[in-house]
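The structure appears right after this line, and notes come after that.
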Amino acid sequence: MNYSVFIDGKAGTAGLELYDLLKDRDDIKILEIDEENRKNLDAKVELMKKADLTFLCLPDAAAIEATDAADLSTRIIDTSTAHRTMDDWTYGLPEIGMREIIASSNRVANPGCHATGFIVAARPLVEKNIVGADYPFVATSITGYSGGGKQMIASYSEDGRDVSLDAPGQYAVGQMHKHLPEMKKLSGIAGEPVFLPVVSDYYRGMETIVPVVGGPGVEAILEMYKDYYAGEELIEVATTDSTIYANELAGTNRVKIYVHGTDERTIVSVCFDNLGKGAAGAAVQNMNIMLGIDELKGLV
């Protein structure tokens with residue numbers, strides 16, 4: 001069976017990645033909007049009516065406007081932060097028990113990239129009582145510069161760029177990062193974590209690092225994750241004593257959870273691609289579920 005989809009915001013980083021993942025699919029037809037109507041709400045709503053599913057790759061305000069104008073029967077996947085903590089939207093992370101809800105939902109909020117890494121690590125720790133919901137979580141998350149969108153990509157790519165871009169850069173230092181509300185809500189913790197996002201001089205790939213101090217130890221936590229994510233084809237759980245590189249899974253839609261360190265100071269490191277499972281890959285996975293297609297079709 002063939003389906004038609006509309007990507008509203010195809011010119012952005014996530015939209016372009018989505019287009020690349022879908023353009024050669026034999027079961028998907030991408031509906032195109034005329035360039036002069038790219039910001040015409042009425043024209044976009046008409047395409048949303050024709051499409052079996054619409055992706056919103058827009059700033060928050062524009063995503064809210066498009067959703068409010070759409071019929072309730074219109075299936076939407078929103079990649080912005082606008083709807084991720086709203087009760088009438090479904091959070092699009094199938095691996096945390098959301099798969100059946102996603103399948104029956106017309107409104108799915110695609111997770112944030114940093115949030116994906118943190119939730120994949122933290123939610124099982126709380127659910128399985130490794131730590132309490134009031135545990136003082138700290139997370140460091142390293143991303144390639146494609147996570148910052150077109151403006152950041154241009155800054156890193158231009159000749160004569162600022163020499164500071166040669167080094168990793170910690171940002172959102174005021175602890176007000178836009179992913180924090182979803183990190184708290186979807187991991188089931190009592191308060192927002194201390195969050196340290198870092199951008200570095202490589203294009204794509206992400207590593208989110210969550211320490212567990214004083215828990216049951218490396219082996220017990222490793223086995224807990226293996227049990228929690230058993231049967232999830234996109235998630236691998238392993239231990240290591242080698243260097244972990246944040247771009248290990250760049251260009252894929254997979255997740256690898258490393259559990260390492262000591263029994264007193266266990267480290268959970270989640271590697272994935274900020275444009276794959278952290279953005280467009282997750283959106284395609286959610287689309288497949290919503291349309292009843294093989295969940296992994298079109299994913300690397």
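Just so it is clear, none of the values below were taken in a lab; they were calculated from the coordinates. In this text, all values refer to a predicted model and were calculated from it rather than measured experimentally. A quick note on method: Cβ atoms are made from the backbone with ideal geometry, for glycine too, and the neighbour counts reach across all protein chains shown.
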Test item: Cα-centred dipole of the range 119-167, Lys/Arg +1 and Asp/Glu -1 on Cβ, debye: 260
Going highest first, how would you order 210-222, 6-18 by mean Cβ packing within 10 Å? 6-18, 210-222
Among A133, S200, L234, the residue whose Cα sits farthest towards the positive end of the charge dipole of the range 113-275, when +1 is placed on the Cβ of each Lys and Arg and -1 on the Cβ of each Asp and Glu, is A133
Once both labels are modelled 7 Å past Cα along the beta-carbon direction, what's the E100-E127 spacing in nm? 1.3
Protection proxy (average C-beta count within 10 Å per residue), highest first, orders 236-247, 153-164, 42-53 as 42-53, 236-247, 153-164
For the N40, S157 Cβ pair and Förster radius 35 Å, calculated FRET efficiency rounded to 0.05 is 0.65
Rank by packing, highest mean first: peptides 269-275, 174-180, 62-68, with packing defined as the count of other Cβ atoms within 10 Å averaged across residues. 269-275, 62-68, 174-180
By how many degrees, 0 to 90 and rounded to 10, does the Cα axis of helix 41-50 deviate from the longest principal axis of the chain? 80
In straight Cα distance, which lysines are under 23 Å from K128, not counting same-chain residues fewer than 8 positions off? K184, K185, K226, K256
Toy charge model, Lys and Arg Cβ at +1, Asp and Glu Cβ at -1: the range 71-222 dipole around Cα centroid in debye, rounded to 20, equals 240
Let me know the charge dipole size of the chain about its Cα centre in debye, to the nearest 20, where only the beta-carbon of Lys, Arg (+1) and Asp, Glu (-1) is charged. 240
Which lysines does K50 reach when only Cα atoms under 24 Å apart count, and residues fewer than 8 places away in its own chain are ignored? K10, K23, K29, K39, K297
What is the local net charge at L58, summed over the other residues whose Cβ is closer than 9 Å to its Cβ (Lys, Arg +1; Asp, Glu -1)? -4
DSSP beta bridges in the range 113-275, what fraction antiparallel, as a percent rounded to 5? 65
What residues have an amide H closer than 5 Å to that of L275, excluding those fewer than 5 places away on the same chain, when H is modeled at 1.01 Å from N in the peptide plane? G205
Please turn the phi angles of the range 84-101 into ³J(HN,Hα) values with the Karplus equation 6.51 cos²θ - 1.76 cosθ + 1.60 (θ = phi - 60°), one per residue in order, whole Hz, x for glycine and proline. 5, 10, 7, 5, 8, 10, 9, 7, x, 10, x, 6, 10, x, 9, 4, 5, 5
Which one, A154, P94, A82, projects farthest toward the positive side of the charge dipole computed for the chain from Cβ point charges (K/R +1, D/E -1)? A82
